[in-house]
Amino acid sequence: MSTPVSSVLLLGADYYGTLAAARCFGRRGVRVVVADDHRRARTLFSKYVAERLLHPPLQEPDALVQWLVEWGTDHPGTLLYPPNDHFAWLFALYRDRLSQVFAMLSPAEDVVYKLLDKYFLHQLCSSSQVGIKVPVTLIGSDQLTGTTSLAPIGFPVLLKPRTQVFLQGGTKGILVHDASELSVALERYRREVSYHAVLTSRHPDVMQPMIQQYFPSAETNIVSLSGFMSPTGELVTRAATKVLQRPRKVGIGLCFEGREPSVELTEKIGALCRTAGYVGAFEAEFITHGDDHLMIDFNPRFYSQMGFDIARGVSIPMLVLWSATNRHEELAAEMAHAQAWRGTGKEAYCHKTMFDLVLALQRASGRMRPQEVRAWKSWFSSREGSMVDAVRDSADPLPAAVDTAAWLRHFASHPRSFVRNFVLNR
């Protein structure tokens, strides 16, 4: 029997995926409640949000889960779905308690963790049932100081955390060019990377760094395959290429171009989801290296550029809602609409505020030549009619202003990080 749901509770209000979900739900007539642990989070200012709440901080997970249970008890049947890795794992860990009061589409904790910890993800990808290629990767011990054990990889390498789940401090990755830099990089990793005890008490091996083969093509040639795996095993996907990120060697995507999904990769993602036992929204990232696509990440949740896929006919939030509430007819109609969509080939996605900032600062610092800056501006202009922005929306303008203010506060609070990422491109 289907369960009627007229509202959704969204957390992680500073994430662009949360903002995309709020706008999608609101436009489809679903009542949107947003909660965060501070009052200036971006999505809280969307006109599609009917109610704004404060919850205990993520760093107090027991208190946060208790708050959710109490709120869900007072509002039974509200949809709850994760916007980031922390909540994806936490919701799965406490699925039994949360699902008693919320409508949910959450696999078990072991399923979610194996997809979020890249060591286990690589094992899944390399299995005979899946067959997805991955970069050559080692798990480094705390005693690693030499280079003998890195012979299977060779320099340069990346030092990366195994997962972003409850990562309290750290980095997306540290690029190590040669053996002379390894000890310093490892020391920086040990100094900067730490995890909350809620994770390390269950997965103590997570502190070991990943040492991964580095590909220069990762700067400009990362393919994203995203979409939704339904409870009945039907898959819908969209593809995009990350063409600009910050910092440019290892960083967060600023610009994406739409692509036709690879049939082979789509089939393998389907095999990965079925082998892992995963259903729901996802985003997978691949490095293109020659003719190979090497998976580097899988996000089992709402994701940053989800608004791009919504604009391309895949209403991920509604697919989650229909699945979580057993609305089979609505789910089938939504999936059929998504499968029927056809693009023009000009679709693109950009965080325009950050795009302009990166171009201006890296030209001023000499990290971008003037002709390169002009080429990027021309790229944007040629796609302006088909461009989806991470936060700007003429029908819902306030989150963009809040976004700009948030970045200004961040730059003022973290000047060294700002110079390293935006000026020096490190």
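Every read-out reported here was derived from the displayed coordinates using simple, explicitly stated rules and does not represent laboratory data. As the structure is a computational prediction, the values presented were derived from the model and not from experiment. Don't worry about glycine lacking a Cβ; one is built from the backbone with ideal geometry, like all the others, and counts go over all protein chains shown.
Below are the figures for this structure:
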quantity: Taking Leu235, Leu53 and counting other C-beta atoms within 10 Å, the order from fewest to most; calculated: Leu53, Leu235
quantity: Whole-number percent relative contact order across the stretch 277-426, with pairs defined as alpha carbons under 8 Å at least 6 apart; calculated: 19 percent
quantity: Net charge of neighbours whose Cβ lies under 13 Å from the Cβ of Val388, counting Lys and Arg as +1 and Asp and Glu as -1; calculated: +1
quantity: Estimated inter-spin distance, Thr232 and Phe155, nm [label 7 Å along Cα→Cβ]; calculated: 5.6 nm
quantity: In nm, spacing of pseudo-spin labels at Lys172 and Ser7 (7 Å Cα→C-beta vector); calculated: 3.7 nm
quantity: Proxy reagent accessibility, fewest Cβ within 10 Å first, across Trp67, Trp376; calculated: Trp67, Trp376
quantity: Residues Ser127, Ser226, sorted so that the one with the fewest Cβ neighbours within 10 Å comes first; calculated: Ser127, Ser226
quantity: Label point distance in nm, Glu260-Asp291, each placed 7 Å from Cα along Cα→Cβ; calculated: 1.9 nm
quantity: DSSP beta bridge pairing in the chain, given as percent antiparallel to the nearest 5; calculated: 70 percent
quantity: The chain, relative contact order in percent, only Cα pairs under 8 angstrom and at least six apart counted; calculated: 17 percent
quantity: Surrounding net charge for Phe155, when Lys and Arg each add one and Asp and Glu each subtract one, Cβ distance under 13 Å; calculated: -2
quantity: The stretch 72-113 versus the stretch 379-406: alpha-carbon centroid distance in Å; calculated: 31 Å
